[in-house]
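Below: one structure, written as structure tokens.
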Amino acid sequence: MCHGPSLPLKRLQRCIRALHCPTRWRIIRCIGTEERSTKEIFEHLGLGDGMSMAGLYYHLSALKEAEIIEVASYREVKGGTPEKVWRLKTRTIVIDLLEEDV
């Protein structure tokens, strides 16, 4: 008999929700094996024409919530709030169909 979603299934669902958007795949590819600031991601993707910085933060937050990316550090910005520098937290997603809740 099936009960509610297990912990691994909940994590998989978060990942699927986070990865449904092509912009988020572009962000992941932009970061790659490096660390990139929010501004670098914004400029690299050329999002200025179709998306605001707030829109980019929305996508970054979704990827962070799914534990796909994380804040690696903060970069000082002259006269402003420190800028977040991002890196991949998860490079691969593995599904074990028989994994039990831990």
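The values are calculated or read from the model by the stated rules, or taken from the named source; none is laboratory data. If you're wondering where the values come from, they're calculated on a predicted model, not measured in any experiment. Here Cβ is always computed from backbone atoms with ideal geometry, including for glycine, and neighbour counts include all displayed protein chains.
Here are some notes:
- Check on LEU98, within 30 Å of SER6 (Cα to Cα), outside any strand (DSSP E or B), of a type outside the set (S, T, N, Q) and touching a Phe, Trp or Tyr at 6+ places or on another chain (Cβ under 8 Å): no
- Restricting the range 70-92 to residues that are under 21 Å from LEU12 (Cβ atoms) and surrounded by 13 or more Cβ atoms within 10 Å (Cβ to Cβ), the residue that is modelled with the lowest pLDDT is THR90.
- Qualifying residue in the range 57-69 (condition: more than 30 Å from LEU9 (Cα to Cα) and part of a loop (DSSP other than H, G, I, E, B)): no
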